[in-house]
Amino acid sequence: MDDTLLKQARQLNLRNSRPGSVFPPVILLTDDHRLPDPRSAIKQLPRNSMVIFRHYNHPDRPKLAASLRQLCRLRQIRFLVANDLGLALEISADGIHLPEYRILQTPGIYHQIPTGMITTSACHGIKTLHHMALLPSRHRPSGALISPVFSTQSHPGRSGLSLQQVQQMAMLCHTLGITPVGLGGINRKTCRNLRSSALASLAGIGFSSE
């Protein structure tokens, strides 16, 4: 875990988090290709961080999820499962993360999530936040992963959002009672551009120095 990035994330979290927020300064996303075995990365996270388990194509996704859930529990790290409410409930995950298309196509899924679970949604544009605004406040996601903040290896050739767009989306999140999380191309160099942003947390697959 890069110290410069962690320091910046903590400053943002301290300044922009809502009272009682469960969202930590940094959130790690697992990935089949870029982070095939996330155990080492999880062990480097500060306590009380958060992990979003994706690994959509793993041949034994439930077994890996249960194993990582146990590791996170031991390290006091919250563990969310991506796009599989059944699996999240099966392993007693702390929450669920949903891709952007779920909020756009099947917003009713948020009514199915048990009270008390942390919910996050991918958010690639202001339109998605407008859809979230139509949901009753109790069914809105707890957090929105605004991305890509910068160009990223996960989407080569795709430019990031402008800092103005990121700020606009983050401010709207605060208005809706949703924690804004920045994702995409964030490292020790790029995070300097986010010092004055309204983001409350920073997320990434691998928090590298470059």
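The values are calculated or read from the model by the stated rules, or taken from the named source; none is laboratory data. These figures come from a predicted structure and were not determined experimentally. Glycine also receives a Cβ, built like all others from the backbone with ideal geometry; neighbour counts cover every protein chain displayed. In case anyone asks, the SASA skips ligands and DNA or RNA and just uses the protein heavy atoms, side chains included. Shrake-Rupley method; radii C 1.70, N 1.55, O 1.52, S 1.80 Å.
At a glance:
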{"read-out": "Gaussian network model of the chain, springs between alpha carbon atoms under 10 Å - residue of 128, 119, 30 with greatest fluctuation", "value": "128"}
{"read-out": "Positive dipole terminus of the chain, leading residue within 27, 105, 5 (C-beta point charges)", "value": "5"}
{"read-out": "Solvent exposure, largest accessible area first (probe 1.4 Å, DNA, RNA and ligands not counted), of 21, 197, 92", "value": "92, 21, 197"}
{"read-out": "Sequence-separation-based contact order of the stretch 64-210, relative, with Cα cut under 8 Å and 6+ spacing, percent", "value": "16"}
{"read-out": "Low-density loop positions, trypsin sites (Lys or Arg not before Pro), the stretch 72-118 - DSSP coil, at most 16 other Cβ in 10 Å", "value": "75"}
{"read-out": "Low-density loop positions, chymotrypsin sites (Phe, Trp or Tyr not before Pro), the stretch 1-82 - DSSP coil, at most 13 other Cβ in 10 Å", "value": "56"}
{"read-out": "Per residue, in Å², the accessible surface of the stretch 161-209 once ligands and nucleic acids are set aside, probe 1.4 Å", "value": "39"}
{"read-out": "Radius, Kirkwood style, for the stretch 108-170 when every pair of distinct Cα atoms is counted (Å)", "value": "12.9"}
{"read-out": "Gyration tensor (alpha-carbon) shape descriptor, the stretch 7-108, a/c threshold 1.5", "value": "oblate"}
{"read-out": "Overall form of the stretch 51-199 per C-alpha gyration tensor (a/c, 1.5; a/b vs b/c)", "value": "oblate"}
{"read-out": "Accessible-area composition of the chain, carbon plus sulfur, in percent [1.4 Å probe]", "value": "49"}
{"read-out": "The stretch 1-60 - percent relative contact order, Cα under 8 Å, separation 6 or more", "value": "36"}
